[in-house]
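Trainee: Here it is: the structure, laid out below.
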Amino acid sequence: FPPRTPAVLTVMARVAGDPSAAIPALQRAVRDAVPDLPAYDVQTMAQRLDQQTARGRYAVFVMAGFALLALVLASVGVYGLISYNVAQRTREIGIRVALGATRGDIVRMVLRRGALSLLGGIAAGLACVVALGRLIAGMLYGLDPLDAWVLGGAALSLGVIGLAASWWPAFRASRIDPLVAMRDV
């Protein structure tokens, strides 16, 4: 070794059975072979790999948390948007019910409006992914940023969650009493 460079010796051994049970025997073997060489940082390969991949696992955990938070915020936003839309159209919905629209018609009308908003948002999001996907390509190990299965799965899950979030305002809209809606004029 060059002068003033600490000597480091790495010993790897394949053992039968539990690797952590063989650590004391390996330390004794190193001490018997070279008594002046201290044996430290003795780990199994599983422990070493776990230590090496800890930062990446933490980053994935944090990104998954942010993704879940974004999904919750998106569903709350869709719910708020559809609820606001229903509140603004209460008179119209009341008139439709008074003229003979069924509850199913009202639910379909509100869900259709929500689905159109969702499709616009999903299309805008996919356009942003296509435009900016190469910026995050370095963070995606073994995955293309424009992978059709991943983008399709994300769009489908956002669509399902968005429609679920718009279901409650649609259900409430179907229960609007025409007399109450017209009285609020």
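Here's the yes/no breakdown for (1) surrounded by 13 or more Cβ atoms within 10 Å (Cβ to Cβ); (2) outside any helix (DSSP H, G or I); (3) among the hydroxyl-bearing types (Ser, Thr, Tyr); (4) on the phi < 0 side of the Ramachandran plot:
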| site | (1), (2), (3), (4) |
| --- | --- |
| 133 | yes, no, no, yes |
| 138 | no, no, no, yes |
| 141 | no, yes, yes, yes |
| 149 | no, no, no, yes |
| 179 | no, no, no, yes |
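Trainee: State all residues of region 68-96 that are over 36 Å from the mean Cα position of the chain (by Cα), open to solvent by 40 Å² or more (accessible area, probe 1.4 Å) and farther than 20 Å from residue 115 by Cβ; if no residue qualifies, say none.
Mentor: 91, 95
Trainee: Next up: Please state which one of 125, 133 is out of contact with any strand residue (DSSP E or B) (no Cβ under 8 Å at 6 or more places or on another chain), at pLDDT 85 or above and either among the aromatic types (Phe, Trp, Tyr) or under 24 Å from residue 61 (Cα atoms) (or both).
Mentor: One residue alone meets the criteria, 125.
Trainee: Please give the number of the condition residue 155 fails out of (1) part of a helix (DSSP H, G or I); (2) surrounded by 14 or more Cβ atoms within 10 Å (Cβ to Cβ); (3) modelled with pLDDT under 85.
Mentor: (3)
Trainee: Exactly one condition in (1) open to solvent by less than 70 Å² (accessible area, probe 1.4 Å); (2) closer than 30 Å to residue 115 by Cα; (3) part of a helix (DSSP H, G or I) is not met by residue 101; state its number.
Mentor: Going through (1) open to solvent by less than 70 Å² (accessible area, probe 1.4 Å); (2) closer than 30 Å to residue 115 by Cα; (3) part of a helix (DSSP H, G or I) one by one, residue 101 breaks only (3).
Trainee: Could you tell me whether residue 116 is surrounded by 10 or more Cβ atoms within 10 Å (Cβ to Cβ), under 19 Å from residue 167 (Cβ atoms), among the hydrophobic types (A, V, I, L, M, F, W, C) and out of contact with any helix residue (DSSP H, G or I) (no Cβ under 7 Å at 6 or more places or on another chain)?
Mentor: Answer is yes for this residue.
Trainee: I would also like to ask the following. Mind checking whether some residue in region 18-40 is at pLDDT 85 or above, in a loop (DSSP other than H, G, I, E, B) and surrounded by 11 or more Cβ atoms within 10 Å (Cβ to Cβ)?
Mentor: No: region 18-40 contains no residue that is at pLDDT 85 or above, in a loop (DSSP other than H, G, I, E, B) and surrounded by 11 or more Cβ atoms within 10 Å (Cβ to Cβ).
The values are calculated or read from the model by the stated rules, or taken from the named source; none is laboratory data. These figures come from a predicted structure and were not determined experimentally. Neighbour counts run over all protein chains shown; Cβ positions are idealised from the backbone, glycine included. These area figures cover heavy atoms from the full protein model, side chains too; ligands, DNA and RNA do not enter into them. Shrake-Rupley method; radii C 1.70, N 1.55, O 1.52, S 1.80 Å.
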